[in-house]
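Visitor: Handing you a structure now.
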């Protein structure tokens, strides 16, 4: 069974359409599963600047991830202690900020910069994108863009498929026949 929104179709949500357009603009290879590293390389090529992922223990009261832009590179920092699926969503969310090129906070202080990136000169750090309020439009846009990208590159699929063992094939076919033809889509 599939559920539909009572508020209307995709055109009813301009934010969602804008996010889908940004993801289409990435020209991700359809049907191919990309690693986060391959995704970063692809986004970096499109932006003509490298995108690096850094996992480390972040302060417990702080965000789970943030985007830091230097003159020539983008860094995405993510909490290393998160479970893998949560960590991946945090990274995709931050990539969403990169893809949307959201406005960021001015340069963080030199002490904070040295703490996160000891090998970088604090003067090189241009801007930082940490979490704002979860309900801000930029946060919603980054979350949706990240989720849409995750659906394309990963195993997160609205219509997952599983291999049916031979001994369960008959019952699976009978159960599938109970679903309406319209819900299954074209044959």
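Here is a yes/no grid of residues against (1) out of contact with any strand residue (DSSP E or B) (no Cβ under 8 Å at 6 or more places or on another chain); (2) modelled with pLDDT under 90; (3) under 17 Å from residue 143 (Cβ atoms); (4) part of a helix (DSSP H, G or I):
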residue	(1), (2), (3), (4)
1	yes, yes, no, no
4	yes, yes, no, no
16	yes, no, yes, yes
29	yes, yes, no, no
37	no, no, no, yes
60	yes, yes, no, no
66	no, yes, yes, no
78	no, no, yes, no
81	yes, no, no, no
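Visitor: Residue under question is residue 127, and the condition is that it be modelled with pLDDT under 50, touching a helix residue (DSSP H, G or I) at 6+ places or on another chain (Cβ under 7 Å) and not in a helix (DSSP H, G or I); does it hold?
Guide: Working: modelled with pLDDT under 50: yes; touching a helix residue (DSSP H, G or I) at 6+ places or on another chain (Cβ under 7 Å): no; not in a helix (DSSP H, G or I): yes.
The answer is no for residue 127.
Visitor: Starting from the stretch 85-100, take each residue that is without any contact (Cβ under 8 Å) to a residue 24 or more places away in the chain and list its partners that are outside any helix (DSSP H, G or I), counting only C-beta distances under 8 angstrom and pairs at least six apart or across chains.
Guide: The qualifying pairs are 86/64.
Visitor: Any residue in the stretch 145-169 that's within 20 Å of residue 29 (Cβ to Cβ): show its pairings with residues that are modelled with pLDDT under 65 and in a loop (DSSP other than H, G, I, E, B) at Cβ separation under 6 Å, as long as the two are six or more apart or on different chains.
Guide: Pairs found: 150/156.
Visitor: Of the numbered conditions (1) modelled with pLDDT under 95; (2) part of a helix (DSSP H, G or I); (3) more than 18 Å from residue 144 (Cα to Cα), residue 45 satisfies every one except a single condition; which is it?
Guide: Residue 45 satisfies every listed condition except (1).
Visitor: Got at least one residue in the stretch 99-116 being at pLDDT 60 or above, surrounded by fewer than 16 Cβ atoms within 10 Å (Cβ to Cβ) and in a loop (DSSP other than H, G, I, E, B)?
Guide: Yes.
Visitor: Moving to a separate point now. Could you count how many residues in the stretch 29-46 are closer than 13 Å to residue 95 by Cβ and either surrounded by fewer than 15 Cβ atoms within 10 Å (Cβ to Cβ) or more than 17 Å from the chain's Cα centre (by Cα) (or both)?
Guide: Within the stretch 29-46, the first condition is being closer than 13 Å to residue 95 by Cβ, and the residues that meet it are 34-44, 46.
Pick out the ones that are also either surrounded by fewer than 15 Cβ atoms within 10 Å (Cβ to Cβ) or more than 17 Å from the chain's Cα centre (by Cα) (or both) and you get 35, 37-38, 41, 46.
Within the stretch 29-46, residues that are closer than 13 Å to residue 95 by Cβ and either surrounded by fewer than 15 Cβ atoms within 10 Å (Cβ to Cβ) or more than 17 Å from the chain's Cα centre (by Cα) (or both) number 5.
The values are calculated or read from the model by the stated rules, or taken from the named source; none is laboratory data. Note that the structure is predicted; figures quoted are calculated from it, not measured. Heads up, the Cβs are rebuilt from the backbone with ideal geometry, glycines too, and the neighbour counts pull from every protein chain shown.
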